[in-house]
Amino acid sequence: MRRRPAPAATATGWGALTALPALVAALALTALAGASGCGRDRGLVLWHSYRAQERATLEALAAEWTSRHPDAPLQLLAVPNETFADKITAAVPRGHGPDLMIFAHDRLGDWAEGRIVEPVEFYADEKLLDHYIRPVLDALVYRDSLYGLPLSYKSTALFYNRRLVPKPPETTEELLTLGRALTNRKEGRFGLVYSANRLYFHAPWLHGFGGRVFAENGKLDLCNDGALKALAFARTLSGPEGIVPAEVEGHLVAALFNDGRAAMAITGQWFLGEVKQGVDFGVAPLPRVTETGLPAAPFLGVEGVMMSAYSTRKAKAFEVMRFLASDEVAVRRALGARQSVANVAAYRDPRISGEPVLMAFRRQADTARPMPATPEMRMIWTPYDNAMQAILVRNVDARAGLLEAEKEITRYLKGAGR
């Protein structure tokens, strides 16, 4: 499936999105007048899967919106994350779903093709779109249409123990040199720890060596030169003489880092709740790949607020979207819910710019790659992870392992009619 080019390099960038022809505007107005389904005689309904501080912050914002807009009260419904996507897919086409939803962008392709979510470029002008970090905003674009406003994002970055690593490495050469000095495999001490056999955590090296999952034309392309070089580097990291332990998953990453037996870890914002009190740690963007000069670019996952295609109050629903994704509210979400927010201006607030962890993830967002939101991407993860397990643990030839994964994924795609 064709991926959307960067805005600066194409005539179908943000200028095109915000300068739609009159026909599109007329169709949108017709949809506002004639759609049926969500929102009838009950205000606006928003589904989310937030918990703890995020939920409390959202509830306060909903109450504030309702107090200002008694004609369009905002009602929230918390839905468990593990069932959220299926419930949206089942409920919205039957008119039983919400007007708005907050969810990760990875299901966007399915929902856009199923006409479950509404494209919103009719409502969003260039001035509004300039408020957001560009790679984060790009994640909500599918087939050159914008399907939501970004609220927050997640990616991996480099956590480091300040006692062991006074200055984080800026290149992979520095990473290896420092890691080797801090690794003693006999004593169970490692320079770096991460889930090396999983594509999500391998992605920084894949992209940093110029590799990819899909070619520019959208075709599957796992076995490219960059991918092979990235796997060779991963073997250097996790091999018998390497600085990374083999077959380590999330709970062991936290245990090794908290015990001081891992000097550095590649993980994401969720790790902040796992770091033991008293551990003096820092966070930095991942290092640049010495061989290519490219940054190690992790996948970027974006959480956005999206509109149901079946909402009967689309114009008002978009006002809610603007409110939740506004600069002022972004600062409140960053401070109250500890979110890495999508708004550029929020990071100029001294209460946020003085937070080194939030600022490290902000810098990482500039080089991260939005995770493909296509239905095809959902079929990639398990075969690619299995190939990495075979390559890095059982020493299967890298080219053969990737080609086998490509064959398996191709069978899945054909079976799904793609």
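Values in this text are rule-based calculations from the coordinates and carry no lab data. Worth saying up front: this structure is predicted, and the values here are computed from it rather than measured. Every residue, glycine among them, receives a Cβ derived from its backbone with ideal geometry; neighbour counts consider all protein chains shown.
General remarks:
- Residue exposure sequence - GLU319, GLU54 - by fewest surrounding Cβ within 10 Å: GLU319, GLU54
- Acute angle (nearest 10 degrees) that the helix 381-392 long axis makes with the longest principal axis of the chain, alpha-carbon atoms: 10
- Cβ-Cβ distance of LYS167 and THR89, R₀ of 51 Å, FRET efficiency by 1/(1 + (r/R0)^6): the value works out to about 0.60.
- The relative contact order of segment 90-180 comes to 22 percent, based on Cα pairs under 8 Å that sit 6 or more residues apart.
- Degrees between helix 398-415 axis and first principal axis of the chain (Cα, 0 to 90, nearest 10): 20
- Residue-span extension gain [GLU174 to ALA246] - 0.36 nm each, minus C-alpha spacing: 23.8 nm
- Principal axis extents of the C-alpha atoms in the chain (largest first, rounded to whole Å): 69, 49, 37.
- Exposure proxy ranking, count of Cβ atoms within 10 Å, fewest first, for LYS186, LYS316, LYS407: LYS186, LYS407, LYS316
- Ordering MET388, GLY43, VAL283 by the projection of their Cα atoms onto the charge dipole of the chain, which places +1 on the Cβ of Lys and Arg and -1 on the Cβ of Asp and Glu, puts MET388 at the extreme positive end.
- Projecting the Cα atoms of THR267, VAL117, ALA104 onto the charge dipole of the chain (Cβ charges, centred on the Cα centre) puts THR267 farthest toward the positive pole.
- Taking the Cα centre of segment 211-275 as reference, the dipole from Cβ charges on Lys and Arg (+1) and Asp and Glu (-1) amounts to some 160 debye.
- Temperature 4 °C, viscosity 1.567 mPa s: under these conditions the Stokes-Einstein estimate for segment 35-188, based on its Kirkwood radius over C-alpha pairs, is 68 µm² per second.
- In percent, rounded to a whole number, the relative contact order of segment 268-350 is 14, using alpha-carbon pairs under 8 Å and six or more apart.
- Cα-based helix-to-principal-axis angle, 199-208 vs the chain, degrees rounded to 10: 80
- Residue list for segment 106-137, given a label point 7 angstrom along the Cα-to-Cβ vector of ALA345 and an amide N cut-off under 15 Å: 125-133
- Considering segment 167-291 at the alpha-carbon level, its Rg and Dmax are found to be 15.0, 49 Å.
- Given +1 at the Cβ of Lys and Arg, -1 at the Cβ of Asp and Glu and no other charges, the dipole of the chain around its Cα centre is 300 debye to the nearest 20.
- FRET efficiency estimate (nearest 0.05) - Cβ-Cβ, ALA52 to ASP366, R0 30 angstrom: 0.60
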